[in-house]
Amino acid sequence: MISLIPLLMIFHVLSACTDPEPDSLILQVDASHIGFEAVGGQDTFHMVCNKSWKISGTTDWCALSAEAGEGDAAIILNVDGNAKPEVRSTTLTIMAEEKSKTINITQKANEEAPKTIFTFDIPPDDTDMRDLTSVELAGLMGIGWNLGNSLEAIGGETAWGNPVVTQRLIDSVKAAGFTSIRIPVAWSVFTDASTFTISQSWMERVEEVVNYALSAEMYVVMNIHWDGGWMQPTYAGQDYVNTRLAAMWRQIATYFRDYNDYLLFAGTNEVMVDGDYGTPTPEYYTVQNSFNQTFITTVRATGGRNAYRHLVVQGFNTNINHTVSYAVIPEDTASNRMMMEVHYYDPYNFALNENSGITQWGEIATDPSKTDSWGNEDYADGQFQKMKTNFIDKGIAVIVGEYGAISRLDVEGHETFRVYFNEYITQSMVDHECVPFYWDNGYPTNHAFGLFNRTTGAQVYPELINAIVKAGAK
């Protein structure tokens, strides 16, 4: 921490330059996060204020030299040693009239502390839970398909333009050769938002769709999807998100607890700070890793078959490079029952950017001006090899929960390259022992991903479907 006198000089110079009104409120603080080792200790933060102020957020392990006052101040922060094996945190809020500042206080876990004895809501039950590791189970899952933009639609199942999901649609997907299905779900259909109580009728509807897939003898990966974007990985939001995540997964896991191991749970989807697609800060990936741990701990605690269920966690924003660099495998009471999820839409200009002139891909491309400078076959092979080396070879199965490339019906000849891209990417995933799940958002229109007519189940792009399925069967 910098000393108070130079800090005050800087702030007073800035104040002089801006020439505020004499009675205008000033509140400036020189820290937004302070971290402590497990042994605890002392630190100081400084503030410049020209009014009365007060601080809230102290705990029995985090004390301040002053919690209220007037004018500039240097606040001494004393943190006790952490006797627990978990990271702990609190947020200090400094208020001066209508202005506020926050400081996030975190403390590392005591690695020498005895671990908490784990208890289950009901005794573990391995009935119909095969003695398979997640890597072995992944080898049985085959080629996956996403029921996108349906159950995760904010406002209701049909709110984003797709029809109600039917057994007929799921049977058509299975008949086409897909053997696994990923069901994105928005669960914030609350009867009580203050306790995050999920509507019983919504639970029943999700179960109905899950049963469509299970009756078709498909593996099912069911998640909490975007769901309005409440899962922001910041210190300020960490406690709230983990509390809400635990409350929701406890309900979901308990409701689906008696299903066998054809049903997998996936905790989150593409967790990132809204609008920030860059390399995550330590704050971002540390908090995101805590979400994975909350998911695993909560589901296991419900007991029954969930004590043995195969669970899916995610790397930061499902980006392969970020996953390899920053993902921490959660602690788990079950052995070898975890999968890591990433997504693949590279290169962006070919796969997702509808305004791009990049409409060709790979070694079959004929026009260099229409191809990107990166993201070709070798790149894809290298990315999936990273996942194999860093996770699969270490006993953590890998699913690529979304991938694909948009249609460009307005570009002559583009479909040839889209078919080749999806065929090659699918084959590369399978060759590297990853489970592919093609992203289908339901719209078989321009700049979209839909493969099937969701009302009739008819194949809209049979050549593309055949290419994906055959690649997975090689």
Next item on the list: Could you check the simple spin-label distance between Glu363 and Lys54, using points 7 Å along Cα→Cβ, in nm with one decimal?
Entry: 7.1
Note to self: For a quick check: with amide H placed at 1.01 Å from N, whose amide H comes under 5 Å from Thr44's, ignoring anything fewer than 5 positions away on the same chain?
What the structure shows: Leu77
Item checked: Residues Leu27, Leu140 arranged by fewest to most Cβ contacts within 10 Å -> Leu140, Leu27
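Classify the range 198-282 as rounded, prolate or oblate from the Cα gyration tensor: take a ≥ b ≥ c as the square roots of its eigenvalues, call it rounded if a/c is under 1.5, otherwise prolate when a/b beats b/c and oblate if not.
Numbers: a/c = 2.61, a/b = 1.88, b/c = 1.38.
Note, shape of the range 198-282 comes out prolate.
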Check: What are the ³J(HN,Hα) values, in whole Hz, obtained from phi via the Karplus relation 6.51 cos²θ - 1.76 cosθ + 1.60 with θ = phi - 60°, for each residue of the range 340-346 in sequence order, with x given for Gly and Pro?
Finding: 10, 10, 10, 10, 9, 9, 10
Margin query: Whole-Hz ³J(HN,Hα) for each residue in the range 159-172, computed from phi via Karplus 6.51 cos²θ - 1.76 cosθ + 1.60 with θ = phi - 60°, x for glycine and proline: what do you get?
Written below: 5, 9, x, 8, x, 4, 5, 10, 4, 4, 4, 5, 4, 5
Check: How far is it, in nm, from the label point at Glu217 to the one at Gln167 when both lie 7 Å from their Cα along the line to the Cβ?
Finding: 1.6
Next item on the list: Indicate, rounded to the nearest 5 percent, the antiparallel portion of the DSSP beta bridges found entirely in the chain.
Entry: 50
Margin query: If the reach is capped at under 20 angstrom between alpha carbons, list the lysines near Lys394, excluding any in the same chain fewer than eight residues apart.
Written below: Lys386
Next item on the list: Set the Förster radius R0 to 45 Å, insert the Cβ-Cβ distance between Met95 and Ser335 as r into 1/(1 + (r/R0)^6), and round the FRET efficiency to 0.05.
Entry: 0.40
Notebook entry, point to check: How big, on average over all directions, is the shadow cast by the Cα convex hull of the range 295-426, in nm²?
Noted result: 9.3
Note to self: Which aspartates and glutamates, if any, have their Cα less than 17 Å from the Cα of Lys370, not counting same-chain residues under 8 positions apart?
What the structure shows: Asp346, Glu354, Asp410, Glu412, Glu415
Notebook entry, point to check: What nm value, rounded to one decimal, do you get for the distance between Thr456 and Ala193 when each label is placed 7 Å out toward the C-beta?
Noted result: 4.2
Margin query: Considering only C-alpha atoms, what is the centroid distance from the range 319-333 to the range 251-304, in Å?
Written below: 12
Check: Most exposed first by the Cβ proxy, i.e. fewest other Cβ within 10 Å, how do Glu270, Glu331, Glu423 rank?
Finding: Glu331, Glu270, Glu423
Margin query: Strictly over 19 Å apart at the Cα level, which of Lys54/Lys84; Lys51/Lys101; Lys174/Lys388; Lys174/Lys470; Lys84/Lys108; Lys54/Lys101 would you flag in this model?
Written below: Lys54/Lys84; Lys174/Lys388
Next item on the list: Please work out whether the range 286-351 counts as rounded, prolate or oblate from its C-alpha gyration tensor, where a ≥ b ≥ c are the square roots of the eigenvalues and a/c under 1.5 means rounded, while otherwise a/b larger than b/c means prolate and anything else oblate?
Entry: prolate
Note to self: If packing is taken as the average count of other Cβ atoms within 10 Å, what order do 168-174, 63-69 fall into, highest mean first?
What the structure shows: 168-174, 63-69
Next item on the list: Output the peptides 155-164, 394-403 sorted from most to least packed, where packing is the average of other Cβ atoms within 10 Å over each peptide's residues.
Entry: 394-403, 155-164
Notebook entry, point to check: With no solvent and one point on each alpha carbon, what is the Debye value of log10 I(q)/I(0) for the chain at q = 0.12, 0.13 Å⁻¹?
Noted result: -1.06, -1.17
Check: Can you give the calculated 222 nm mean residue ellipticity of the chain, where each DSSP H run of n ≥ 4 adds -39,500 (n - 2.57) and the sum is split over every residue, rounded to the nearest 500 deg cm²/dmol?
Finding: -9500 deg cm²/dmol
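I need Asp274, Asp261 ordered by Cβ neighbour count within 10 Å, fewest first.
Asp274, Asp261
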Next item on the list: With only Lys, Arg, Asp and Glu charged, each at its Cβ (+1 for the first two, -1 for the last two), find how big the charge dipole of the range 121-264 is about the Cα centre; round to the nearest 20 debye.
Entry: 460
Check: What is the dipole size for the range 101-199, taken about its Cα centre, with +1 at each Lys and Arg Cβ and -1 at each Asp and Glu Cβ, in debye to the nearest 20?
Finding: 460
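Given the Cα-Cα distance of Glu207 and Glu111 and 0.36 nm per residue of separation, how much length would full extension add, in nm?
Answer, rounded to one decimal: 30.5 nm.
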Next item on the list: Measure out, as a whole number of angstrom, how far apart the alpha-carbon centroids of the range 71-96 and the range 207-232 sit.
Entry: 40
Note to self: Under 5 Å between amide hydrogens, which residues at least 5 positions from Leu264 or on another chain qualify, with H placed 1.01 Å from N in the peptide plane?
What the structure shows: Val220, Val221, Met222
Notebook entry, point to check: Quick one: net charge of Glu217's neighbours, Cβ under 11 Å, K/R +1, D/E -1?
Noted result: 0
Item checked: the chain, relative contact order [Cα under 8 Å, separation at least 6], % -> 13
Next item on the list: For Trp53, list long-range residues whose amide hydrogen, built 1.01 Å from N in the peptide plane, is under 5 Å from its own amide hydrogen.
Entry: Gly69, Glu70, Gly71
Note to self: Would the range 271-313 count as rounded, prolate or oblate if I go by the C-alpha gyration tensor, calling it rounded below 1.5 in a/c and otherwise prolate when a/b exceeds b/c, oblate otherwise?
What the structure shows: prolate
Next item on the list: With a 10 Å radius around each residue's Cβ, average the other Cβ atoms per peptide and rank 340-348, 311-319, highest first.
Entry: 311-319, 340-348
Checklist line | Most positive-pole-ward Cα, Ala253, Pro280, Ala397, against dipole of the chain from beta carbon charges | finding: Ala253
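Quick note: the coordinates plus some simple rules give every number you see, no bench work behind them. All values derive from a computational prediction rather than experimental measurement. Because the Cβ atoms are built from the backbone with ideal geometry, glycine has one as well, and the counts that use them run over all protein chains shown.
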